[in-house]
């Protein structure tokens, strides 16, 4: 297209460039509520912050919700529960560790953010019978033993497999 008074021609981008600049819907950043370590060596203190998941743990954050001092006796957890509920309602996901701490402090609805420990003891110890002690490994068939020893004994295995009764 030529502009009438100036005689300048409008430059349109090539179709290849236009294909890559298709307008995409705006995606809100994923928010997390997590512990941000502060304090000096061997004296850990933590801030409870709301931040974007993609940001560095010690990087920028949206809001400080409280702090956690695990080195004190008793441990100190101060958190603004109303602001935690507000951010959770906006879609922020608390970390698993923080969800456990918040549940202990009385914040409701944290159970769905807590994963189950992989190796957890059964609640009823009488339900499972104690396992029998495993038999000692046969030296003649143990990995890494020399082939000569394995060949020298008959089908029954090595000297540890022989019945001495």
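Readers should treat all values here as calculations from the given coordinates under stated rules, not as data from a laboratory. Everything quoted here is computed from the prediction, not taken from an experiment. Don't worry about glycine lacking a Cβ; one is built from the backbone with ideal geometry, like all the others, and counts go over all protein chains shown.
Would you work out the relative contact order for the stretch 31-108, in percent, from Cα pairs under 8 angstrom that are 6 or more residues apart?
About 29 percent, as a whole number.
Arrange the peptides 83-91, 43-51 so that the one whose residues have, on average, the most other Cβ atoms within 10 Å appears first.
Ranked by mean Cβ neighbours within 10 Å, highest first: 43-51, 83-91.
Pull out the extension gain between residue 40 and residue 108, defined as 0.36 nm times the separation in residues minus the alpha carbon to alpha carbon distance; nm, one decimal.
Between residue 40 and residue 108, full extension yields an extra 21.3 nm.
Give me the Å³ per residue figure for the convex hull around the C-alpha atoms of the stretch 31-108.
85 Å³
If you stretched the chain out fully between residue 58 and residue 123, how much longer would it get, using 0.36 nm times the residue separation minus the C-alpha to C-alpha distance?
Contour length minus the Cα-Cα distance gives 19.5 nm.
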